[in-house]
């Protein structure tokens, strides 16, 4: 596993980030990843050189389960070897201030997150969503204080519009506050049009991009076929999607291109899709990958090590179109 500098920060991370949203998540009455499975996956990530772990205060059932299980695993390791990211915004209760990016909620949640993870600080703290009810200056001042106190090293934001990101960066510049340095959009070879303007801002401002859903809800694993239902046990099957309604013609065309490149390289479609992301040149791109088994995780790691030719990248890009 190679390591890269995360945007304009001085933080060195693996070319993949391990996402833990499945830890303890209840799906139709069954837990997707148990505690023992979670620890095995964390072991597999670590043994494959992944030092960057992503979680959130609401991941798991009950919320916070993912952070707790990571904290148990981390207790047996040197904290300085691991780069930890968590998030704040979504509701954790029924009280009026149990959600959002206001000072009261952020202050309460950072303490709970640090306690569950068993650490004194986070390397990256994301705002999970833009908060329309809270002035961005309040959010940034609160986060700035956390950086000054040593509880957070770098700030990030997930799932926001280009104009909102620009407004936040402008506010940080004008007010002399820590800025968002890491972003977390939905972005992959088969989903590009929606985040395009957002990514332009990231490229211009040298922000790191840590995209979630790098395989577009499983499409780019190559397990799905047009005109057929989702295979039993896959994500599409669990949520009862219709594949022909879920994915557009251009997305199926990207899958065809990804499959052709996979055949040429001897890689899997998932590895090609991950290699396409890691190879982005306009900004630092560190995909967040999830896995149900250590074998799946090792397959994803192989994608970070895959080098695509310019012609192969162009073929995938042409399949998506303008």
* **At R0 = 30 Å, FRET efficiency that the Cβ-Cβ distance of residue 305 and residue 79 yields, to 0.05** => 0.65
* Structure fact -> Rounded to the nearest 10 degrees, the helix 294-304 long axis (Cα) sits at an angle to the longest Cα principal axis of the chain of 80
* Structure fact -> Per-residue ellipticity at 222 nm attributable to helices in the chain (runs of n ≥ 4 DSSP H, -39500 (n - 2.57) apiece, nearest 500 deg cm²/dmol) works out to -12500 deg cm²/dmol
* Relative to a virtual label point 7 Å from the Cα of residue 225 in the Cα→beta-carbon direction, which members of the range 248-290 show backbone nitrogen distances below 18 Å? -> 252-260, 263, 269-270
* **Net lengthening on full extension, residue 108/residue 35 (0.36 nm per residue, minus Cα-Cα)** => 23.7 nm
* Please say if the range 3-184 is rounded, prolate or oblate, where rounded means a/c under 1.5 for a ≥ b ≥ c the square roots of the C-alpha gyration tensor eigenvalues, and otherwise the choice is prolate for a/b larger than b/c and oblate otherwise? => oblate
* How far apart, in nm, are the 7 Å Cα→Cβ label points at residue 167 and residue 196? -> 2.4
* Relative to the longest principal axis of the C-alpha atoms of the chain, give the angle of the C-alpha long axis of helix 103-117, reported between 0 and 90° and rounded to the nearest 10°. => 70
* For residue 322 paired with residue 260, estimate the spin-label separation in nm (one decimal), with each label point 7 Å from Cα along the Cα-to-Cβ line. => 2.1
* Take the alpha carbon atoms of the chain, find their radius of gyration, then divide it by 2.2 N^0.38 Å using N residues; give the quotient. => 0.97
* Structure fact -> Nearest 10, in degrees from 0 to 90: the angle of helix 65-74 to the longest Cα principal axis of the chain is 90
* Asked: Which peptide among 209-215, 255-261, 92-98 comes first, and what is the full order, when sorted by highest mean count of other Cβ atoms within 10 Å?
  -> 209-215, 255-261, 92-98
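Every number in this text was worked out from the coordinates using simple rules, so none of it is lab data. What you see is a predicted model; the values in this text were computed from it and never measured. With ideal geometry, Cβ positions are generated from the backbone for all residues, glycine too; neighbour counts draw on all protein chains shown.
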